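**Q** Okay, handing you the structure first.
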Amino acid sequence: MITPRTPERDAEGGFTLVEMLIAVLLGLIVMGVIAGLFASAARTQTSVRTSTQAADLGQLIARSVSQGANNATALSVLTDSVTGAEMLRARVYSMSPTNDPTQGLASGVSCQAWYYSPATGGAIYVKTVTPAAAIPMPTGVPDNSWILIGNGLGVKVGASPSSAIFATPSGTRVDLKFDVTNGTNSPVHIETTTHIPNTTTVSAPCF
């Protein structure tokens, strides 16, 4: 009895249609996995970069206020209960012996202020006036005499509506407390206290 043989596929005949479809599907799956890995890596990199930028901005603002407070002889805070805006005012002076108002030497005295505006995206600005002259609190967007330090600031998440970014308890120190937005991640919290080395009464020309 003769058993019929199934003809073998010629090795040089190429792939069948089914095999080609399977190969294409496998290729698409592999490409999808690789694309997903790249997308995940990109999201992680963006998240880290955003967190770093938020922390850097917070430190920049804290350093600006701290440097001003270290050279200050008097401080006060103005607030706008309607808009939520705040302004920290300081009378500052050069640390040289000839510019020491605590010794009656008032040359070199300047007025400095930091203005926080929720209405402009949680922005904070700084302004210095020399010779010393009172700095009024802006209404709305500050003019070009103010320097923008950064935006995206706000009071601590979960804090009461009455919480403030600037505080000057007894006029002897500056308490700074705020959050910096961080994309879709949790905000970066900044909280510092700077004590004033030499305090005098709040008076003209800065107040």
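**Q** Among all residue pairs at least 6 apart or on different chains, which show Cβ distances below 6 Å where the first residue, located in the range 62-78, is surrounded by 21 or more Cβ atoms within 10 Å (Cβ to Cβ) and the second is hydroxyl-bearing (Ser, Thr, Tyr) and in a strand (DSSP E or B)?
**A** Taking only residues 6 or more apart or on different chains, the pairs are Ala69/Thr194.
Per-residue answers, yes or no, for (1) of a type in the set (S, T, N, Q); (2) in a loop (DSSP other than H, G, I, E, B); (3) touching a residue at least 24 places away in the same chain (Cβ under 8 Å):
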residue	(1), (2), (3)
Tyr125	no, no, yes
Thr139	yes, yes, no
Val174	no, no, yes
Ile190	no, no, yes
Val202	no, yes, yes
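**Q** Assess whether Ala62 counts as being within 30 Å of Arg91 (Cβ to Cβ), modelled with pLDDT of 60 or more, over 24 Å from the mean Cα position of the chain (by Cα) and of a type in the set (A, V, I, L, M). Steps first, please.
**A** Details: within 30 Å of Arg91 (Cβ to Cβ): yes; modelled with pLDDT of 60 or more: yes; over 24 Å from the mean Cα position of the chain (by Cα): no; of a type in the set (A, V, I, L, M): yes.
So Ala62 fails the test.
**Q** Mind checking which pairs have a first residue in the range 145-161 that is modelled with pLDDT under 85 and a second that is assigned to a loop (DSSP other than H, G, I, E, B), Cβ under 6 Å, 6 or more apart or different chains?
**A** Gly154/Gly122; Val155/Ser163
**Q** Would you check if Val188 is hydrophobic (A, V, I, L, M, F, W, C), at pLDDT below 80, on the phi < 0 side of the Ramachandran plot and within 13 Å of the chain's Cα centre (by Cα)?
**A** no
**Q** Tell me the residue from Glu86, Glu19 that is at pLDDT 55 or above, of a type in the set (Asp, Glu) and surrounded by 18 or more Cβ atoms within 10 Å (Cβ to Cβ), please.
**A** Glu86
**Q** Just checking, which of Ala113, Ala204, Ala133, Ala123 is hydrophobic (A, V, I, L, M, F, W, C), surrounded by fewer than 19 Cβ atoms within 10 Å (Cβ to Cβ) and modelled with pLDDT of 85 or more?
**A** Every option except Ala133 fails the conditions.
The values are calculated or read from the model by the stated rules, or taken from the named source; none is laboratory data. Given the structure is predicted, the values throughout are model-derived calculations rather than measurements. When we count neighbours, we look across all protein chains shown, and the Cβ atoms used for this are built from the backbone with ideal geometry, even at glycine.
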